[in-house]
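Here is the structure we will look at, set down as structure tokens.
The values are calculated or read from the model by the stated rules, or taken from the named source; none is laboratory data. All figures in this text were calculated on a predicted structure; none of them were measured in a lab. A quick note on method: Cβ atoms are made from the backbone with ideal geometry, for glycine too, and the neighbour counts reach across all protein chains shown. Only protein heavy atoms, including side chains, enter the accessible area calculation; ligands, DNA and RNA are left aside. Shrake-Rupley method; radii C 1.70, N 1.55, O 1.52, S 1.80 Å.
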Amino acid sequence: MVEIKLHNTKTRKKEVFTPIDASNVRMYVCGPTVYDRAHLGNARPVVVFDVLNRLLRHVYGEEHVTYVRNFTDVDDKIIARAEQSGREIGQITSETTQWFLDDMAALGAREPDHMPRATQYIPQMVLMIEELIAGGHAYEAEGHVLFAVESYAKYGALSGRTVKDMIAGSRVEVAPYKRNPMDFVLWKPSSGDQPGWDSPWGYGRPGWHIECSAMSYELLGDSFDIHGGGNDLMFPHHENEIAQSCCAHPKGDFARYWLHNEMLQVEGRKMSKSLGNFFTVRDLLGQGVPGEVIRFVFLSTHYRKPMDWTENMRRTAHRALSNIYEDFENALHNFHSEVIKERLPEWREENLPKPSPALITALANDLNTADALRIFREHARQADVASLTDQQQVLANGRFLGFFSSNTLKPAITAQLVADLEGYASRLKELRDKAIETKNFANADAFKNILTEAGIIVQISKSEVTLKQGPDFDPSKLESLK
Ligand SMILES: [Zn+2]
């Protein structure tokens, strides 16, 4: 069996991964709070843990992995969004949840086995809070229930802080009802039209941290293998999850391996609305950047390093992927054609070989995705495009890494952009036809220049004009044509 090594935040070491039960490897990853489109940074953990999910399934078997990622659908940010927009909370959360799933699917991320929503697990949270109170780890004060950090000696161990450091180093919410400023909310009162549920402490709603503890316990048990998320969640969220889970279920270990991905930057700077470099996954897709290109850029940086999203990286990734798509055009066509697969079973997914061992070895080394990408590209470069075995191997490697979702590197673009390109193609065709008649090509050439300037590849034959989006495609340069 392939030996997987993972860097465990808990021990600060790269360790050999040994699951509790190899017939059911269990992983929990903190998911999004659903009130808006996912920004690019939100997508990084999704892609990172998608790779890990694929690797675990490869090693332990498709049926022997349980991957859970939650949706936070009760939160003050959601309540605020509902108040601003005058829309129902349920409308906002269900719409945003679907956006998230669509956008992540465009990045080639497989859906987890379970995607619990916080509001579906309120009774489990209430039960856990009751257990914490009974065990002397939580107390009720002014309609709130708070976790008493001093009741858990190991509080802070994951991020390596002491309670004293934390008070000094963070903006803690000081409230008169807290015994220690670091004590955090398990339950709080709801008023007016804020969402709420009846509880032993009155009408209210859960704090954020308790939901992951309650849902992971319900779906994965008191001890499971891997817990993941962005390193911005390490403190306080993960620290609080550990405190809650270990105090409510002292016999369990909660999570054995903790994995944290580093943050994402844009052109070397932190992504923020105030710097004007903030964008969502949907913004990029809408501009015609294929989801697979975004994925390729993500995979080219190791998950424990800060990832810098740059225009240059996007272009390089687009070029690299387009080359592979072009070289294996026939194989991809066969693989995606139901008619061909019907006749030629060698093109069916289940008949592809396993991904190359070198690629698996790279990923098994603490998810060295950059190395895995390099191996994928090298194999593709060295492959004999006329050899069935080679074609199948490249397909298998690409599929495993989450590429080749269609037979061409299609931009996950809006129908609008497709229609625009078709419109420009027929306009260019008309201008050319006229130019041939009048022997004056000035207008046709000027129009063609605008298209190529915008990074569109223009192919002209006697009977037709085809426009394809090249790696340097920049839709903003087409504005003048509208
Ligand atoms: Zn969580």
Under 10 °C and 1.306 mPa s, how fast does the chain diffuse according to Stokes-Einstein, given a Kirkwood radius computed over C-alpha pairs? Answer in µm²/s, whole number.
63 µm²/s
Checked the range 191-248 with the C-alpha gyration tensor, a ≥ b ≥ c its square-rooted eigenvalues, rounded below a/c of 1.5, otherwise prolate if a/b is larger than b/c and oblate if not; verdict prolate
How many percent of Cα pairs in the range 415-481 exceed 20 Å?
22 percent
Among Asn334, Ser94, Ile242, whose Cα lies farthest out toward the positive end of the dipole of the chain, if unit charges sit on the beta carbon of Lys, Arg (+1) and Asp, Glu (-1)?
Asn334
Under 8 Å for C-alpha pairs, at least 6 residues apart: give me the relative contact order for the chain, rounded to a whole percent.
15 percent
Bridge type composition, the range 5-261 - antiparallel percent by DSSP, nearest 5:
45 percent
Projected onto their principal axes, the Cα atoms of the range 18-63 stretch, largest extent first, over whole-Å spans of 37, 17, 15
Given the options Val16, His137, Thr452, identify the residue whose Cα lies farthest towards the positive end of the charge dipole of the chain (+1 on Cβ of Lys, Arg; -1 on Cβ of Asp, Glu).
Thr452
Evaluate the charge dipole of the range 24-127 about its Cα centre and quote only its size in Debye, nearest 20, assuming +1 on the Cβ of each Lys and Arg and -1 on the Cβ of each Asp and Glu.
280 debye
Taking the Cα centroid of the range 259-299 and of the range 225-240, what is the distance between the two, rounded to the nearest whole Å?
21 Å
Please list, in order along the range 263-272, the HN-Hα scalar couplings obtained from phi with the Karplus expression 6.51 cos²θ - 1.76 cosθ + 1.60 (θ = phi - 60°), rounded to whole Hz, x for Gly and Pro.
7, 10, 10, 10, 6, x, 10, 4, 6, 7
Would you pull out the residues with amide H under 5 Å of Thr66's amide H, same chain only if 5 or more places away, H placed 1.01 Å from N?
Val25, Arg26, Met27
Just reorder Thr9, Thr466 by solvent-accessible area, largest first, 1.4 Å probe, all chains present.
Thr466, Thr9
Most packed first (mean Cβ within 10 Å per residue), the peptides 207-214, 113-120, 271-278, 390-397 order as 207-214, 390-397, 113-120, 271-278
Please list the non-local residues whose amide H lies under 5 Å from the amide H of Ala255, H modeled 1.01 Å from N, same-chain partners needing a gap of 5 or more.
Phe224
If a/c stays under 1.5 just call it rounded; otherwise compare a/b with b/c (prolate if a/b is bigger, oblate if not). Do that for the range 55-201, with a ≥ b ≥ c from the square roots of the Cα gyration tensor eigenvalues.
oblate
For Val266, enumerate residues with amide H under 5 Å from its amide H, sequence gap 5+ or separate chain, H modeled in the peptide plane.
Met271, Trp309
Estimated distance in nm for a label pair at Tyr177 and Asp253, the labels positioned 7 Å out from Cα along Cα-to-Cβ
3.8 nm
Once you list every other residue whose beta carbon is under 13 Å from the beta carbon of Trp201, what net charge do they have if Lys and Arg are +1 and Asp and Glu are -1?
-2
Using helices alone, I'd like the mean residue ellipticity at 222 nm for the chain: each DSSP H run of four-plus residues gives -39500 (n - 2.57), total over residue count, nearest 500.
-13500 deg cm²/dmol
Environment charge of Asn240, counting only residues whose C-beta is closer than 12 Å and scoring Lys/Arg +1, Asp/Glu -1:
-4
Estimated vicinal HN-Hα couplings, Hz - the range 322-337 in sequence order (Karplus 6.51, -1.76, 1.60; Gly, Pro = x)
4, 4, 5, 4, 5, 4, 10, 3, 5, 4, 5, 4, 4, 5, 9, 9
Hey, got the dipole for the chain? About the Cα centre, +1 on K and R Cβ, -1 on D and E Cβ, debye to the nearest 20?
1220 debye
May I ask for the Rg/Rh ratio of the range 186-330, computed from Cα atoms with Rh as the Kirkwood radius, given to two decimals?
1.11
Evaluate the charge dipole of the range 5-261 about its Cα centre and quote only its size in Debye, nearest 20, assuming +1 on the Cβ of each Lys and Arg and -1 on the Cβ of each Asp and Glu.
1020 debye
Could you tell me which of rounded, prolate or oblate describes the range 282-358, using a ≥ b ≥ c as the square roots of the eigenvalues of the alpha-carbon gyration tensor, with rounded for a/c under 1.5 and, failing that, prolate when a/b is larger than b/c and oblate otherwise?
prolate
Per residue of the range 70-82, in order, report the coupling 6.51 cos²θ - 1.76 cosθ + 1.60 (Karplus, θ = phi - 60°) as ³J(HN,Hα) in whole Hz, putting x for Gly and Pro.
8, 10, 7, 10, 9, 5, 4, 5, 5, 4, 4, 4, 5
In whole Å, what are the Cα extents of the range 243-305 along the three principal axes, biggest one first?
51, 28, 22
Which value does Rg/Rh take for the range 266-400 over its C-alpha atoms, Rh per Kirkwood?
1.03
Sort Thr452, Thr438 by heavy-atom solvent-accessible area, probe 1.4 angstrom, most to least.
Thr438, Thr452
May I ask you to order 19-28, 174-183, 286-295 by the average number of other C-beta atoms within 10 Å around their residues, highest value first?
286-295, 19-28, 174-183
How many percent of the alpha carbon pairs in the range 5-261 exceed a separation of 24 Å?
48 percent
